[in-house]
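The values are calculated or read from the model by the stated rules, or taken from the named source; none is laboratory data. The model shown is predicted, which means the values in this text are computed figures rather than measured ones. Cβ: placed from backbone, ideal geometry, glycine included. Neighbour counts: every protein chain shown.
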Amino acid sequence: MSSLDTALLDDLARAAERDGIAKAVVGAVIADEGGKVLLLHRPADDYLGGLWELPSGGVDDGETLVEALRREVAEETGLTVTAIGGYLGHFDYRSGSGRATRQFNFTATVTGETVTLTEHDAHLWADRTQQNQVSSAVQAVLDTWRDQAV
């Protein structure tokens, strides 16, 4: 059901391990027909509070990146991933617990009309201007996504 190459996913995991990454996270660029991207807002009292971000979350032990992406999108938005498209690159950061973390980002197609939030306090279907509210790391992911969409 995924167009992603298993060898690519294995290479990504091996590279992260070599780089000393302790925690893997997946992020989804989910766009509507008009090119607006779904962004979620972290509550002010949360780690990195107030930040607009992609639907994303940690990969559980024994879970593949694809499985984690499907689960996290469903948990955070109530939407169902029907297809995972291209790999959009990654970025590294320190988690709230100080662990070296790498977020792997992919395009995702979803079904469902209503976004149901469980961990965030707001969502936005962001147009190009509104997409500037994200971190520079997520901005780079969105730039890659736009470049691939041309």
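Condition check ((1) of a type in the set (S, T, N, Q); (2) out of contact with any helix residue (DSSP H, G or I) (no Cβ under 8 Å at 6 or more places or on another chain)) across all residues:
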| position | (1), (2) |
| --- | --- |
| Thr80 | yes, no |
| Tyr87 | no, no |
| Phe104 | no, no |
| Thr107 | yes, no |
| Thr118 | yes, no |
| Leu124 | no, no |
| Asn132 | yes, no |
| Val138 | no, yes |
Could you figure out which of (1) modelled with pLDDT under 95; (2) in a strand (DSSP E or B); (3) of a type outside the set (A, V, I, L, M) isn't true of Gly98? (2)
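Yes or no: Leu88 out of contact with any Asp or Glu (no Cβ under 7 Å at 6 or more places or on another chain), over 18 Å from Glu119 (Cα atoms), buried (at least 19 other Cβ atoms within 10 Å of the Cβ) and modelled with pLDDT of 95 or more? Let's see the steps before the verdict.
Working: out of contact with any Asp or Glu (no Cβ under 7 Å at 6 or more places or on another chain): yes; over 18 Å from Glu119 (Cα atoms): yes; buried (at least 19 other Cβ atoms within 10 Å of the Cβ): yes; modelled with pLDDT of 95 or more: yes.
Answer is yes for this residue.
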Segment 117-150 - residue that is farther than 21 Å from Tyr47 by Cα and of a type in the set (S, T, N, Q) and, of those, nearest to the chain's Cα centre (by Cα): Thr144
A careful count of residues in segment 101-132 that are surrounded by fewer than 16 Cβ atoms within 10 Å (Cβ to Cβ) and out of contact with any Lys or Arg (no Cβ under 7 Å at 6 or more places or on another chain) gives 15
